[in-house]
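The values are calculated or read from the model by the stated rules, or taken from the named source; none is laboratory data. Because the structure is a prediction, the values reported are computed rather than measured. Neighbour counts are summed over all protein chains in view; Cβ atoms, including those assigned to glycine, are modelled from backbone coordinates with ideal geometry. SASA here: full protein model, heavy atoms, side chains in, ligands and nucleic acids out. Shrake-Rupley method; radii C 1.70, N 1.55, O 1.52, S 1.80 Å.
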Amino acid sequence: MAVRSFVGEARRRVGPKRQRIRPIIERLAVEHADAKIALRFASPLELLVSVMLSAQTTDVSVNRVTEKLFQKYRRPEDYLAVPQEELERDIFQTGFFRQKAKALRGTMRMIIDEFGGEVPERFEDLLRLPGVARKTANVVSAERGAAAGIVVDTHVRRLSQRLGLTRQEDPVKIERDLVKLVPREDWARFPHLLIWHGRRICDARRPLCEECPLALDLCPATRVRA
Ligand code: SF4
C-alpha cells in the first residue's frame, strides 16, 4: 500500500503524461541529438535483412555479419541461389541461424513472387512476409519515412513504464498507448530517443538519474529528490 501511494504521489508531482510527452521528446532530442538506428544498410532490402537478423542479438553483431553478407547477397534471388546450409553459415554469428535463414528465404521468395523483387512499402504487406513480425515491420517502415506505429523493444518498454507513459507489459498494448500519446511526426524518432537514453543514462539496474534531463520534473521514477 505504501508503495502504491508513493507511486501515486510521484505521478501527481510530475503531472499528466499528455502534458509531459512533448517536453520529454524535446529534452531527449537535445540530449541524444545523434540518436538513430545503429544497423548499417544501403537499401530497403539490406534494411529488411538487417532488422530480421537483429532478433535476439546486438546491432554490433549484425553489422559485423552484414558487412560481408551484403557483398555476396545483393538481390532477393541471391538468397535462394545457395543451399540453405550455406546461408545458415553466412549468418551463423547472429544466432538462431536456422530459423533466420528459413525466414530470409521465405521472405525473398514472396518478395520475388508477389512484389516484383522489391521490398513492399505497405505495412500490411511487410507483415505478410515470413518471419516479419510487427516490430520488424515497424522498424522498416519508420526508416523508410512512413512510420505506421512505434517500435517497442526492451528499452522502449522499460522507459515508457518508468516515465509513466504506460502501465502495460505487453509490447502490442504498450505501442497502443504510445501511438495515442506521441505526436505522429515523432513516431519514427521516439523509439530511438528512448533506446539511446536507455543505453546511455537510464540503465535497467542503475539509472543515472543525477545526469538525466528528465529527472527533476518529468520522470515519476526519478531517484533524485528535489
Ligand atoms: S530520471 Fe532516472 S529513472 Fe527517470 S528517466 Fe531519468 S534516468 Fe531513468
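Here are the numbers for the structure shown:
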read-out: Yes/no for GLY117 being open to solvent by 40 Å² or more (accessible area, probe 1.4 Å) and either under 13 Å from LEU45 (Cα atoms) or part of a loop (DSSP other than H, G, I, E, B) (or both); value: no
read-out: Qualifying residue in segment 106-114 (condition: without any contact (Cβ under 8 Å) to a residue 12 or more places away in the chain, more than 22 Å from VAL139 (Cβ to Cβ) and open to solvent by 20 Å² or more (accessible area, probe 1.4 Å)); value: yes
read-out: Any chance LYS180 is surrounded by fewer than 20 Cβ atoms within 10 Å (Cβ to Cβ) and outside any loop (DSSP other than H, G, I, E, B); value: yes
read-out: Test result for THR154, buried (at least 17 other Cβ atoms within 10 Å of the Cβ) and more than 12 Å from the ligand (Cβ to nearest atom); value: no
read-out: Subset of segment 58-82 [at pLDDT 95 or above and either in a loop (DSSP other than H, G, I, E, B) or in contact with a strand residue (DSSP E or B) (Cβ under 8 Å, 6 or more places away or on another chain) (or both)]; value: TYR73, ARG74, ARG75, ALA81, VAL82
read-out: Count - residues of segment 188-226 that are buried (at least 21 other Cβ atoms within 10 Å of the Cβ) and more than 12 Å from the ligand (Cβ to nearest atom); value: 5
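Yes or no, residue by residue, for (1) open to solvent by 50 Å² or more (accessible area, probe 1.4 Å); (2) hydroxyl-bearing (Ser, Thr, Tyr); (3) touching a Gly at 6+ places or on another chain (Cβ under 6 Å); (4) within 17 Å of LEU104 (Cβ to Cβ):
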site: GLY8; (1), (2), (3), (4): no, no, no, no
site: VAL14; (1), (2), (3), (4): no, no, no, no
site: ILE24; (1), (2), (3), (4): no, no, no, no
site: ARG27; (1), (2), (3), (4): yes, no, no, no
site: ILE37; (1), (2), (3), (4): no, no, no, no
site: PHE41; (1), (2), (3), (4): yes, no, no, yes
site: GLU46; (1), (2), (3), (4): no, no, no, yes
site: LEU53; (1), (2), (3), (4): no, no, no, yes
site: THR58; (1), (2), (3), (4): yes, yes, no, no
